[in-house]
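Comments concern the structure below.
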Amino acid sequence: TQLLEQSPQFLSIQEGENLTVYCNSSSVFSSLQWYRQEPGEGPVLLVTVVTGGEVKKLKRLTFQFGDARKDSSLHITAAQPGDTGLYLCAGAERMRFGAGTRLTVKP
Amino acid sequence: DVKVTQSSRYLVKRTGEKVFLECVQDMDHENMFWYRQDPGLGLRLIYFSYDVKMKEKGDIPEGYSVSREKKERFSLILESASTNQTSMYLCASSLSQGAYEQYFGPGTRLTVT
């Protein structure tokens, strides 16, 4: 059972564009993690969001946790080719991952 | 930095073989996990362990078993490999119960022919 739905599944943009990807669930999570995975490697943790409504910034990446703690978004400003990868969200407790958004940023 | 290592990056096995995938972490983490990753399905939890000699089934344990004889080592065993077990296998660790941030190894791409 896929408890976390990520959208879009694929996203291809030009360098310098902004983008937002989404992670939605019908379940409430005490926290939610975002990971980035590059080809041939394991996922690497980017951030954990804990409080409903929380916004965290990591350089050009902005993460938001929904008020009800059922959804989250990741916004990237002025995307760069180095942002290319698979972005995964994961809910705490049940250790469930979404299928991911595969982002390609073209130079 | 936490380092999680997996014994092989690529592995090719024949149907019916017994397959061992080894994972070692060097940061004294209590929790260890095994996932498989397939396109469009994301990461699915196979087994996890909160302590030495302890194991819990994840979402898809059928056809797999695990062993945790030492805190730093968590092994995944495919008793009789089948073609539908061809996948990317990822090992992860986390500090303790309630610490949900996971640190992953580089993965083992297993092909069963």
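Just a few scattered comments:
- Accessible carbon and sulfur surface of chain B relative to its total accessible area, %, 1.4 Å: 48
- Solvent-accessible surface (1.4 angstrom probe) belonging to B:ASP59, in square angstrom, nearest 10: 70
- The tail of the calculated P(r) for the protein assembly as shown beyond 29 Å holds 26 percent of all Cα-Cα pairs.
- Percent antiparallel among DSSP beta bridges (both partners in the protein assembly as shown, rounded to 5): 90
- Residue of B:GLY40, B:GLY98, B:GLY63 that the Gaussian network model of chain B assigns the largest fluctuation, springs spanning Cα pairs under 10 Å: B:GLY40
- Hypothetical label at B:THR111: residues of region B:10-46 whose amide nitrogen lies under 14 Å (7 Å Cα-Cβ projection): B:10-15
- Value of relative contact order over region B:4-99, rounded to a whole percent, pairs C-alpha under 8 Å and six or more apart: 36
- Checking every one of the trypsin sites (Lys or Arg not before Pro) in region B:21-81 against DSSP loop status and a limit of 11 other Cβ atoms within 10 Å picks out B:LYS53.
- In the context of the full set of protein chains, residues of region B:48-113 present 46 Å² of accessible surface per residue (probe radius 1.4 Å, heavy atoms only).
- Annotation for the B:A interface, with buried accessible surface near 1600 Å², both sides summed [1.4 Å probe; non-protein components not counted].
- DSSP beta bridge pairing in chain B, given as percent antiparallel to the nearest 5: 90
- Percent accessible area from carbon and sulfur atoms, region A:7-68, protein chains only, probe 1.4 Å: 51
- Applying D = kT/(6 pi eta Rh) to region A:1-92, where Rh is the Kirkwood radius over alpha-carbon pairs, T corresponds to 25 °C and eta to 0.890 mPa s, the Stokes-Einstein value obtained is 183 µm²/s.
- What the Cα convex hull of chain B gives, in volume per residue, is 94 Å³.
- Bridge type composition, region A:4-106 - antiparallel percent by DSSP, nearest 5: 90
The values are calculated or read from the model by the stated rules, or taken from the named source; none is laboratory data. These figures come from a predicted structure and were not determined experimentally. FYI the Cβ positions are ideal-geometry reconstructions off the backbone, even for glycines, and counts take in every protein chain you see. Each accessible area value is taken on the protein alone, full model and side chains, heavy atoms only, with ligands, DNA and RNA left out. Shrake-Rupley method; radii C 1.70, N 1.55, O 1.52, S 1.80 Å.
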